[in-house]
1. Hey, what do the phi angles of the stretch 56-68 turn into as Karplus ³J(HN,Hα) couplings, whole Hz, using 6.51/-1.76/1.60 and θ = phi - 60°, x for Gly and Pro?
2. Report ³J(HN,Hα) in whole Hz for each residue of the stretch 29-41, in order, from the Karplus equation J = 6.51 cos²θ - 1.76 cosθ + 1.60 where θ = phi - 60°; Gly and Pro get x.
3. Given a Förster radius of 41 Å and the C-beta distance between A150 and D355 as r, what FRET efficiency does 1/(1 + (r/R0)^6) yield to the nearest 0.05?
4. With axes computed from alpha carbons, what is the tilt in degrees of helix 244-254 against the longest principal axis of the chain, rounded to the nearest 10 within 0 to 90?
5. Any chance you could give the angle, 0 to 90 degrees and rounded to 10, that helix 18-27 forms with the longest Cα principal axis of the chain?
6. On a full-extension model of 0.36 nm per residue, what is the gain between A266 and A392, subtracting their alpha-carbon distance, rounded to one decimal in nm?
7. Between the stretch 1-80 and the stretch 122-148, how many Å separate their Cα centres?
8. Can you tell which of A182, A244, A216 shows the greatest fluctuation in a Gaussian network model of the chain with Cα springs below 10 Å?
Amino acid sequence: MRIVLTAQPAYSHLVPLVLPVAELARRAGHEVAVATGPAVAGHVERAGFPALVVPDALTAGEVMRDPSVMGAARPAPPGRATTGVTPEMFGRGFVEVMGGRFAHGLLDVLAGWKPELLLRESTEFGGYLAAERLGLAHGTLDIAPMAPLAHPLVLDQLNAARRRLGLAAVEDPWHPLRGFRAAVVPEEFYPPAARLAGARYYRAPAPAVDEPLDAAIAELPGDRPLVLASLGSNAPRMLGERPALLDAIITALAELPVTAVVALGADRDPAAWPGARAANVHLTSFVQQRALLPACDVFVTHGGFNGVRESLAAGTPMVVLPIFAEQPANADRVAELGAGLRLDIERAASGALRDAVERVRTDPRFRARAGRLQRAALALPPLDRIVEDAPALLG
């Protein structure tokens with residue numbers, strides 16, 4: 001079977017889930033290609049797949065910063081205060097503008113590479129729209145369980161994008177996910193209203209530790225609890241040269257009886273870091289997060305879905321500092337499930353972050369509830385089952 005996978009042109013939307021599913025499909029004997037924007041096409045090619053480049057694909061940053069596109073729905077610049085995605089912002093930006101642009105480019109690309117099945121990551125709506133236009137079976141790899149998909153404003157924008165492609169309007173806000181929704185967290189993570197009949201839940205693959213853990217991290221003192229802090233792959237670049245949030249994290253951890261690892265971001269040299277430092281805080285540009293999380297007592301995270309998912313899979317409780325997008329909703333869900341605490345970034349420098357980390361570290365209920373979700377994740381079928389399930393369910 002010829003399968004095309006689609007992803008927004010962002011590392012965190014492509015690499016953690018879309019490329020592993022592409023690899024599983026290839027191993028099962030399918031012919032696989034990945035469609036995305038030029039900014040991340042190199043990742044596709046390095047993984048050994050044909051990159052179907054949608055040349056005009058827009059990034060979320062380009063769209064959200066453009067007042068001529070977003071109008072009153074334009075979000076505030078990230079970094080000063082927690083700013084969540086609103087239904088209007090999601091519907092206008094992700095569904096109508098980015099999805100519509102991607103769909104038109106993808107239709108041109110697929111004229112020369114004709115698939116039998118399309119799988120898209122859940123924030124990439126162009127694949128859904130193009131598949132509907134072509135009458136192509138399609139499914140969803142869900143990387144944003146807390147996105148406001150069911151809101152009437154999002155449905156309005158979805159139908160506006162459908163009309164531009166000559167498609168009839170739909171009444172079901174979950175229509176893009178009805179055919180096949182593949183989740184990589186336990187069903188319990190989803191709010192009850194978002195638990196769709198027929199959705200499938202899988203255990204994400206364990207990290208392939210091809211390289212040993214950084215020796216400097218492996219040799220850190222073992223006489224105190226270990227705390228890992230990371231703001232993911234996108235947020236550090238969006239927060240400027242010296243993010244105040246990283247300073248606040250380092251300062252808070254310096255006041256606690258812990259050993260800490262703080263990832264500054266792949267583009268930052270720890271030796272040249274001009275911000276805060278502490279004897280008990282190891283600074284690094286990059287950390288093998290999935291490999292290290294099981295050894296950690298607390299994870300301080302911005303609340304991106306990949307980090308939350310990896311922390312739950314490791315049974316590690318969290319302090320979530322949501323910055324933008326669906327991160328506040330992820331943080332709220334972590335707190336509702338008892339697996340951590342939410343703290344908005346404008347409070348991080350007040351001593352509240354220090355107190356939150358200490359509370360999560362010392363109250364065993366957080367570890368117990370994270371462990372319960374870890375066990376639920378371990379009970380799920382392996383991700384490679386998706387290669388059998390998707391074609392069967394979609395016909």
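1. The phi angles translate into 9, 4, 9, 8, 4, x, 4, 6, 5, 8, 9, x, 5 Hz.
2. Using θ = phi - 60°, the values come out as x, 7, 8, 10, 9, 10, 9, 7, x, x, 4, 10, 4 Hz.
3. Numbers: r = 35 Å, r/R0 = 0.86.
Computed FRET efficiency for A150 and D355: 0.70.
4. The angle comes out at about 40 degrees.
5. Tilt relative to the chain: about 60 degrees.
6. Values: separation 126, 0.36 × 126 = 45.36 nm, distance 4.01 nm.
Between A266 and A392, full extension yields an extra 41.3 nm.
7. About 12 Å separates the Cα centre of the stretch 1-80 from the one of the stretch 122-148.
8. A216
Since every read-out is calculated from the coordinates, none of them should be taken as a lab result. In this text, all values refer to a predicted model and were calculated from it rather than measured experimentally. Glycine gets a Cβ as well: all are built from the backbone with ideal geometry, and neighbour counts include every protein chain shown.
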